[in-house]
Amino acid sequence: MAHSVERTDIAVIKAAELVAREAGMATIVPVILSGGAGTRLWPLSRRNEPKQFQPLGGDHTLFQDTLLRYAAPCFGAPMIIANACQEAILRRDIETISALGLPDPTLVLEPAIRSTAAPIACAALMLAERGEEDTLMLVSPSDHKVKRPAELYEAVAGSLAFVRSGSIALFGIAPTRPETGFGYIHVGPMEHGIVRRVEAFVEKPDLPTAEAYLRSNAYLWNSGMFMFSARTILDEFRRFAPEILGVAQNAVGEANHKRGSVTLGAAFKSAPAVPIDVAVMERSDRLGVVPASFGWSDLGTFHALWQEGEKDARGNVVSGNAMLENVSGSYVRAQSRIVCVYGLDDVCVVETPDAILVGPHADSAPIKTFVETLTKAGEPAVLKHMARDLSSDGDVVRLEIEPFQAAPVPTFSQFENRLIMVVSGSLSLVSYNGTTRLAAGEAAHLMLSDPTVLRNDGSLAASAVVFKLKHIREIGLEGAPHLGSPGSGFDARAALPAYPALDG
């Protein structure tokens, strides 16, 4: 295994060196789009905490993986475009991996969600304002998975001469199945090196059409990744979408600059919510597409998570404290409670502290309907996790609970007693033994048999940490009494700094 990892690292280094050679004096700035609404993966994904901020496999969130992918020396410091409501979670994710040598990114914060055309225009204008019109912009979603970054770098290197000539490169993915959930690119003959002509963009097809596309070898999945110079894309906006460019100019002109971030002006709210494909790409005659296969997945549905996940002998993808009996081909994820499933096939069962979803993973359409209905009803769980897992190493979980919300206390994969410590604010612990109120710095034991709920009765968010019992001596909390016993509020302030999971 070590030799495989070493070969992978060498391949990435060599591919990055190839990008640097082909780029010459040109700078490649990754422009990372992070403005999704988080509906197809609800309840894992929420509107203010969409899927790119969720750990959907591996040690990092998809957003963090994207940042690390473009941390190679052949790329400049990234621009990250996101909704202003995501600033705190963006900074949290960036800070968590900052020790890995990331260049300092620029956060471009939108006052409203307006698809992809307007934010890309703003990013290009910001580069032009700095006199960097010839800088190359590598536009990439933040919520996709790339298994083989070396092959991505090779695709970028192969497109550079084409892009530097004033053209626009798209990155198309060789389809591996008749997928009806993606847009397609109809490709023509070779245009320049490995770049092929774009004949047409095709919307999401029905199954017979997708099967025909797969057989023809003339269609690629549209990955949503592009590369062009700031000068080229601004020229195309002037030709095809001058109204979007005008709004973007006003938004950049009114922008507020502070702390490594740029908050676009209120004019941005008047921009049409149009994707870059519709505003520019489908109308431009300067396009080419690079056929690629770098282990790409958009992870946009529970079916995609099941397809990409590591499966057991019966084809199940299981995460968390779950027990399955006579279940096959299913996606089961438990975040805070024990989840038991039996006698079902091809389903997704997703449990979070404040919502549960059950249904066939191949059909995601009803999820959008649920989210729309809950939004109309004013349900806060559509916007964010009411009890959010801020950090976890499998043995320690830190939670944040919003005002006037409640959530079950998480369990762990092993059957162990727990200890809960309130870090900030105050929380009520409700169980069969009664209700115990804990202030910041107080802790209490929770027996495994206790079905306990954390409730925030205050007007400010509160946070708490749940430990496995084995950590109690490690952090010096042996004296914390059992929940419900007299004087169960135990002052743990002195021990609070002793455990690294509490930092930040």
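Bear in mind these aren't lab numbers, they're just calculated from the coordinates by the rules spelled out. None of these values were measured; they are calculated from a predicted model. As a convention, Cβ positions derive from the backbone with ideal geometry for all residues, glycine included, and neighbour counts pool all protein chains shown.
Here ALA439 and GLN249 are evaluated by their C-beta separation; at R0 = 35 Å the FRET efficiency comes out at 0.10. Mean sequence separation of contacting Cα pairs (under 8 Å, at least six apart), scaled by the length of region 140-284, corresponds to a relative contact order of 22 percent.
List the residues of region 133-157 whose backbone N lies under 16 Å from a point placed 7 Å from the Cα of SER165 along the Cα-to-Cβ direction. In region 133-157, the label zone of SER165 (backbone N under 16 Å from the point 7 Å along Cα→Cβ) covers 157. Spin-label pair SER459-ALA174: with each label point 7 Å from Cα along the Cα-Cβ axis, the two points sit 6.2 nm from one another. Within the set (1) 29.0; (2) 30.9; (3) 25.2, the number that mean projected area of the Cα convex hull in nm² takes when calculated for this structure is listed as (3). Here's how it looks for GLN54: its modeled amide H is under 5 Å from those of LEU62, PHE63, which are all 5 or more places away or on a different chain. Placing dummy labels 7 Å off each Cα toward the beta-carbon, the span from GLU199 to SER293 is 2.0 nm.
Each Lys and Arg contributes +1 and each Asp and Glu -1, all at the Cβ; summed about the Cα centre of the chain, the dipole is approximately 280 debye. Note on the chain: lysine pairs with Cα distance below 27 Å, sequence gap of 8 or more or different chains, count 28. Placing a label point 7 Å from the Cα of VAL358 along the Cα-to-Cβ direction, no residue of region 365-383 has a backbone N closer than 14 Å. Amide H contacts of GLU254 (H built 1.01 Å from N, in plane; Pro and chain starts excluded): GLY265 sit under 5 Å, all sequence-distant by 5 or more or on other chains. Between ALA218 and GLU325, the modelled label-to-label distance comes to 5.5 nm, taking each label 7 Å out from Cα in the direction of the beta carbon.
Does a label point 7 Å from the Cα of GLU282, set along Cα-to-beta-carbon, have any residues of region 180-197 with amide nitrogen under 19 Å, and which are they? Inside the label zone: 180-188. When region 2-297 is described by a simple charge dipole with +1 on each Lys and Arg Cβ and -1 on each Asp and Glu Cβ, the residue from ALA292, PRO55, SER223 located farthest towards its positive end is PRO55.
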